[in-house]
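**Q** Once you've had a glance at the structure underneath, I'll fire off some questions.
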Amino acid sequence: MHGGTLWRIIAGMGLFRGTLHRLPLVLLALLLACIPAKKTSARRTTPAPQPARTKAPVVAREKPQARTAQQESRPPQSAGRDFAHDMVDAHNEARARAQPAPKPALPVMGWSADAARKAASWAKECQFEHNPNRGDFGENLAAATPDMWSTAQVVKSWADESADYDFARNTCKKGKVCGHYTQVVWRNTTAVGCAAVTCKKNSPFGDEFPVWQFWVCNYTPPGNFVGQRPY
């Protein structure tokens, strides 16, 4: 069975009273209590945080454009071999910085073509929710207005949740999300495969911000099992 999804909204710039400024938005989604299709173990659940609120509407960086069915989503410029390399490097950098320091050190994560194909098949749907048919893969999602994040910054946004993870108690801090981080540093996860697209439909930021970027990373073997620490 599958649980709900936690959304976190992060504002990248400030608003000044009486004046509307461009405000990039990012969203992270974490699957709650999701069990792989062939597993019987439950996954970690974390409290749902309250979304951040702004005092005025937010303007996306790109204006609405005419679109056809073939234009609903398109790969970003970073797609391809460099994208895979950057994703793997960013994940391994986060794993190398895990605190408290894992003993022995976490194994280096590699690239999974199977996970990447699964991620790509879901990313092109431009639906900011978890793939219910991803099988035995873990999954992290992120969304942002265009050009808000580089590949490395997407992974860093997940890794930064380490500040909200209590290793001793193996829990997130109250009202916080940390499951993206624990999946990134999960010892038994040995490979990741990701995809990124620029979408022009189903924007999680609303009709005023129709153009958005969507990242999907799938992990194998999956992590975030209830009762287990990441390492």
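**Q** If you average over every viewing direction, what projected area does the convex hull of the Cα atoms of region 112-168 give, in nm²? Display every interim value, and only then the final one.
**A** Values: hull surface 22.0 nm².
Its average projected convex-hull area is 5.5 nm².
**Q** Quote the Stokes-Einstein diffusion coefficient, in whole µm² s⁻¹, for region 108-231, based on the Kirkwood radius over alpha carbon pairs, a temperature of 10 °C and a viscosity of 1.306 mPa s.
**A** Approximately 105 µm²/s, per Stokes-Einstein.
**Q** Ok, one more. For F225, which sequence-distant residues (separation of 5 or more, or a different chain) have an amide H within less than 5 Å of its own amide H, given hydrogens modelled in the peptide plane?
**A** HN-HN under 5 Å from F225: R44.
**Q** Moving on to the next point. Return one whole number: the accessible area per residue of region 108-231 in Å², for a 1.4 Å probe.
**A** 37 Å²
**Q** Sort E208, E161, E93 by heavy-atom solvent-accessible area, probe 1.4 angstrom, most to least. Don't skip to the end; give the middle numbers.
**A** Working: E208 120, E161 0, E93 95 Å².
Accessible-area ranking of E208, E161, E93, largest first: E208, E93, E161.
**Q** Can I ask one more? Skipping prolines and chain starts, which residues have an amide H placed within reach, meaning under 5 Å, of the one on T171, given they are 5 or more residues away or on another chain?
**A** Under 5 Å from the amide H of T171: D166.
**Q** While we're here: Rounded to whole Hz and in sequence order, give me ³J(HN,Hα) for region 122-128 from the Karplus expression 6.51 cos²θ - 1.76 cosθ + 1.60, θ = phi - 60°, writing x for Gly and Pro.
**A** Coupling constants for region 122-128: 8, 4, 5, 6, 6, 10, 7 Hz.
The values are calculated or read from the model by the stated rules, or taken from the named source; none is laboratory data. What you see is a predicted model; the values in this text were computed from it and never measured. Ligands, DNA and RNA are excluded from the accessible area calculation, which covers all protein heavy atoms including side chains. Shrake-Rupley method; radii C 1.70, N 1.55, O 1.52, S 1.80 Å.
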